[in-house]
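The next block holds one structure in the form of structure tokens; read it before the comments.
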Amino acid sequence: MKNVLLVCVAALSCLFFGATVAAPLATAERIQSPAWLVRDGLREPLAPGQNLRAGDSVETGVNARVYLRLAEGSQIKLGEHAVFVVESGAMRSGVLTGLMDVVNGAFRFTTGLVNKGRGRRDLRIQVMTATIGIRGTDVWGRAAGDGDLVALIEGNISLRQDGQALDIQPMQFMDAPRGAAARVKALAPATLERLAAETELQPGAGMRREPRAGWAILAGEFVAKREAQMSLNTLRDAGFPARVSFSGAGRQSGKPYRLLVSGFGNEAAAQAALAPMTVIPGLSPRVVSAP
């Protein structure tokens, strides 16, 4: 009896701690492809609703955007050519702690009015040579080959650059050209507007996770499943979360296998995502109502 109890306790412990380790730190909310999730050395297209955990990274391609919702309710927006790494993190007693690394590209972190009170945070975000301590704020940053930039829009942060503490107030930004000393400057509204555009979804674009996302892109129709699978691999390598669907109605045309990218809330959003797929050989994408 004692041995049975010990086995049960061990099993429950594994379940509990396994759930703790696997608990998502962030979820992909909206995506303007191409974008990828890199986990355990494997790279796959990022799809709305996918969860991120410690050790994961998100990469974006040309003209791409990704909106992530963190576990306590705040939001991170990523611009094109971004590399964003969740180095570590944990959600305990309603407080999200962790370290996130912006290796390349632009990001914006914001708590937002609707998220205040959902949870608290004690995060550090690394932007190449700068480290941002975040609790509740609206901050924009970019890591690039020619230097780093961190702009404080609202709230307060602690900011260190090359180990030196910098005093930065709302509507100021740190400009740190590579090989030169960092300077804190005033953030003009026009500058803020230009920076913000780098992390905002283009009008009407982007896939999102919602039960009534009634539009999709039909990337191709195929006679054989093998043909569809080959094109599927090509499209997924290019950063689009596609799937193969069998259509009974397609039997009449002799092409029952359909290659779909779904998750668009309206026709305009699907139309906006067509252009980067048209350059992929072997595909003839068009917008359709989601099956």
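Every condition in (1) under 21 Å from residue 203 (Cβ atoms); (2) assigned to a loop (DSSP other than H, G, I, E, B) holds for residue 284 except the one numbered (1). Residue pairs whose Cβ atoms lie under 9 Å apart, separated by 6 or more positions or on different chains, with the first residue in the stretch 222-233 and without any contact (Cβ under 8 Å) to a residue 24 or more places away in the chain and the second of a type in the set (A, V, I, L, M), are 229/244. Do we have any residue at all in the stretch 94-104 that's farther than 28 Å from residue 34 by Cβ, of a type in the set (Gly, Ala, Ser) and either surrounded by fewer than 18 Cβ atoms within 10 Å (Cβ to Cβ) or in contact with a Cys (Cβ under 6 Å, 6 or more places away or on another chain) (or both)? Among the residues of the stretch 94-104, at least one is farther than 28 Å from residue 34 by Cβ, of a type in the set (Gly, Ala, Ser) and either surrounded by fewer than 18 Cβ atoms within 10 Å (Cβ to Cβ) or in contact with a Cys (Cβ under 6 Å, 6 or more places away or on another chain) (or both), which makes the answer yes. Applying the criterion of being in a strand (DSSP E or B) and among the polar types (S, T, N, Q) to the residues of the stretch 37-62, the residue that is surrounded by the fewest Cβ atoms within 10 Å (Cβ to Cβ) is 51.
Of everything in the stretch 69-85 that is out of contact with any Ser or Thr (no Cβ under 7 Å at 6 or more places or on another chain) and not in a loop (DSSP other than H, G, I, E, B), the residue that is nearest to residue 145 (Cα to Cα) is 76. Restricting the stretch 129-178 to residues that are in a strand (DSSP E or B) and basic (Lys, Arg) leaves a set whose member that is nearest to residue 199 (Cα to Cα) is 142.
Considering only residues in the stretch 215-247 that are among the aromatic types (Phe, Trp, Tyr) and part of a strand (DSSP E or B), the one that is nearest to residue 83 (Cα to Cα) turns out to be 215.
Within the stretch 100-124, the only residue that satisfies the criterion of being at pLDDT 80 or above and not in a strand (DSSP E or B) is 111. Checking the stated criteria, residue 168 turns out not to satisfy the condition of being touching a residue at least 24 places away in the same chain (Cβ under 8 Å), out of contact with any helix residue (DSSP H, G or I) (no Cβ under 6 Å at 6 or more places or on another chain) and of a type in the set (A, V, I, L, M, F, W, C).
The values are calculated or read from the model by the stated rules, or taken from the named source; none is laboratory data. All values reported here derive from a predicted model rather than from experimental measurement. Ideal geometry is used to build each Cβ from the backbone, glycine not excepted, and the neighbour counts take in all protein chains shown.
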